[in-house]
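Visitor: Let me begin by handing over the structure; questions about it come next.
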Amino acid sequence: MGTCVYENKNGEKCRGYALKNDSLCYFHSPQTKKERVIAAQKGGKVCQGDFRKDIQIESANDIIRLLETIINGVKSGKIDAKVANAVFYGANISLKAIELFKIQARLDEISKYIERQGNDFYTVTDEDCLDPLPLGEPGNE
Ligand SMILES: [Zn+2]
């Protein structure tokens, strides 16, 4: 999924996701104009049922479930494309945050490991120089 190529009068790019086989998002593609008019006529009915509930995002799975809900909501006309685009944008940021948390957790583990090893971790001993890793066996530890 690419990003919508639409630019407004100020030259600001749209942050929506382009539709399949389209360079424009749901909101800017002429293909979806009819649907958008119908959705706009429904006015106010942007969020219904489960969409009113607050959600908690703790994992990539939560984001996948959220995206499924939103995509289905847009398809059925229950969710306005503007709202969907805002959610997709937020979901993208959440995914990045989840990745950063994972990287931070891994760095913390590595830091603790290094601390446990003490100064020896960095010290190359004579033994290391005399007993090199066996050649020809990549990945052998
Ligand atoms: Zn767009």
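Visitor: Which is under 35 Å from the mean Cα position of the chain (by Cα) and modelled with pLDDT under 90, of D62, D120, D128?
Guide: Working: D120 fails: under 35 Å from the mean Cα position of the chain (by Cα); D128 fails: under 35 Å from the mean Cα position of the chain (by Cα).
Residue meeting the stated conditions: D62.
Visitor: Condition check: in a helix (DSSP H, G or I), of a type outside the set (G, A, S) and modelled with pLDDT of 85 or more. Does V87 satisfy that? Walk me through how you get there before you give the answer.
Guide: Working: in a helix (DSSP H, G or I): yes; of a type outside the set (G, A, S): yes; modelled with pLDDT of 85 or more: yes.
Taking the combined requirement at face value, the residue satisfies it.
Visitor: Follow-up. Determine the pairs where a residue that is in contact (Cβ under 8 Å) with a residue 24 or more places away in the chain and within 16 Å of the ligand (Cβ to nearest atom), located within the range 71-85, has a partner that is among the β-branched types (V, I, T) and not in a helix (DSSP H, G or I) with Cβ atoms under 6 Å apart, the partner being 6 or more residues away or on another chain.
Guide: Final answer for the pair search is D80/V46; V83/V46.
Visitor: Separate question: So is I98 in contact with an Asp or Glu (Cβ under 9 Å, 6 or more places away or on another chain), more than 16 Å from the ligand (Cβ to nearest atom) and modelled with pLDDT of 90 or more or not? Step through it out loud before you land on a result.
Guide: Details: in contact with an Asp or Glu (Cβ under 9 Å, 6 or more places away or on another chain): yes; more than 16 Å from the ligand (Cβ to nearest atom): yes; modelled with pLDDT of 90 or more: yes.
For I98, the condition - in contact with an Asp or Glu (Cβ under 9 Å, 6 or more places away or on another chain), more than 16 Å from the ligand (Cβ to nearest atom) and modelled with pLDDT of 90 or more - is met.
Visitor: For the range 38-58, how many residues meet the condition of being out of contact with any Asp or Glu (no Cβ under 9 Å at 6 or more places or on another chain), modelled with pLDDT of 70 or more and either within 16 Å of the ligand (Cβ to nearest atom) or over 18 Å from N72 (Cα atoms) (or both)?
Guide: 2
The values are calculated or read from the model by the stated rules, or taken from the named source; none is laboratory data. Since this is a predicted model, take the numbers as computed values, not measurements. FYI the Cβ positions are ideal-geometry reconstructions off the backbone, even for glycines, and counts take in every protein chain you see.
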